Amino acid sequence: MSRDGKKLVGFIIGREHEMPDTVMNLLNERYDGIQAEMVKLGGTFLDEPVPYDVIIDRMSHEIPYFRTYVKYAALQGCYIINDPFVWSIDTKFMATTIMKSLDVLTPRTVVLPNKDVDTETVPDSYRNLKYPMDWQAIVDYIGGPAIFKDIRSGGRRFAHRVRTVEELIQRYDESGTRTMILQQVIESSHQYHCIVIGGEKTLLMPYSLETGHYFVEATPLDDKMAKRMTNIAIQIASVYGYEINMTEFVLKGEELYLINATNPSPIIGRELMTEDQFNWICAEIADLAARRAKTPVPMRLPVAQPKA
């Protein structure tokens with residue numbers, strides 16, 4: 001899987017430009033024997049060769065065909081960042097459940113039945129569901145305010161704050177076929193996001209809810225607490241096998257809450273973060289991709305590969 005003797009690194013992206021362009025430029029300019037480019041697809045044949053050694057996937061959580069392709073590419077020996085088989089089953093509710101079992105403080109969370117489904121059903125299809133739902137009990141358990149959001153990991157979709165039963169029902173009626181969770185909001189101005197690259201390199205970034213930007217704190221976080229956050233983030237990346245992952249924390253007094261364990265496709269851009277933060281992340285992603293292309297690492301595939 002090479003072109004003109006060079007290892008190929010492909011990007012599957014959406015509307016983002018800054019990070020992919022920067023990483024591709026770094027790979028093409030600084031790494032001998034590496035060529036980076038956007039993946040171009042137009043339907044995939046069953047016996048079609050995959051030319052890429054590594055694909056950095058930033059969009060298959062939004063486009064189902066892309067997810068099908070990166071799974072196919074993985075089965076053909078291409079290394080996918082991040083593992084599409086794990087990502088396919090990853091949800092915010094599952095991650096919260098796992099973290100709770102590891103004694104990490106997490107917000108109270110409820111996963112809700114779908115408002116609609118995209119398959120043909122009959123009334124008997126819903127015999128396992130209680131009707132009507134006890135909306136007041138759900139709100140009472142979570143407490144207010146709460147965040148109503150899509151269960152899937154990666155990105156921020158259809159997220160709304162709700163404070164009352166009426167607001168919750170309104171947002172629920174708008175949710176369509178999405179599977180949604182309702183989660184307790186931990187009120188605090190001290191929020192931190194930790195990105196982990198390659199399972200070991202970490203960058204802990206303070207995040208301002210008011211501005212929606214990362215910044216550099218005037219007063220550094222206590223070393224012990226910072227170490228705890230990075231250790232948890234590394235542990236999560238290891239559990240999932242994610243090469244790129246963002247973990248989000250809220251510090252309320254002396255208590256540390258994990259509010260989002262996995263985001264395999266975090267937003268990375270100059271408008272969101274400082275120049276140093278952006279440059280560090282891009283350089284580490286480029287280095288990771290080059291290492292995986294030159295020294296292949298077997299992926300943890302869900303099925304045993306037949307012997308040749």
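The values are calculated or read from the model by the stated rules, or taken from the named source; none is laboratory data. Keep in mind the model is a prediction, meaning the values are calculated, not measured. Glycine gets a Cβ as well: all are built from the backbone with ideal geometry, and neighbour counts include every protein chain shown. Surface accessibility is based on the protein's heavy atoms, side chains included, excluding ligands, DNA and RNA. Shrake-Rupley method; radii C 1.70, N 1.55, O 1.52, S 1.80 Å.
Summary of computed values
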{"read-out": "Residues located in region 94-127, provided they are surrounded by fewer than 18 Cβ atoms within 10 Å (Cβ to Cβ), within 22 Å of the chain's Cα centre (by Cα) and outside any loop (DSSP other than H, G, I, E, B)", "value": "Met94, Thr97, Ile98, Lys100, Ser101, Val110, Val111"}
{"read-out": "Index of the failed condition, Ala159 passing every other in (1) in contact (Cβ under 8 Å) with a residue 40 or more places away in the chain; (2) under 24 Å from Ala237 (Cβ atoms)", "value": "(1)"}
{"read-out": "Members of region 224-249 found to be open to solvent by 20 Å² or more (accessible area, probe 1.4 Å) and outside any helix (DSSP H, G or I), listed by number", "value": "Gly241"}
{"read-out": "Counted residues, region 182-223 - those being in a loop (DSSP other than H, G, I, E, B), under 26 Å from Ala146 (Cβ atoms) and among the aliphatic types (A, V, I, L, M)", "value": "3"}
{"read-out": "Residue, surrounded by the most Cβ atoms within 10 Å (Cβ to Cβ), within region 40-79, restricted to residues that are more than 19 Å from Ser153 (Cα to Cα) and in contact (Cβ under 8 Å) with a residue 60 or more places away in the chain", "value": "Val54"}
{"read-out": "Residue in region 205-217 that is farther than 18 Å from Ser189 by Cβ and open to solvent by less than 90 Å² (accessible area, probe 1.4 Å) present", "value": "no"}
{"read-out": "Test: residue in region 273-295 that is touching a residue at least 60 places away in the same chain (Cβ under 8 Å), under 27 Å from Gly5 (Cα atoms), open to solvent by 40 Å² or more (accessible area, probe 1.4 Å) and assigned to a loop (DSSP other than H, G, I, E, B)", "value": "no"}
{"read-out": "Among residues of region 5-23, those that are exposed (fewer than 14 other Cβ atoms within 10 Å of the Cβ) and closer than 12 Å to Arg58 by Cβ, counted", "value": "2"}
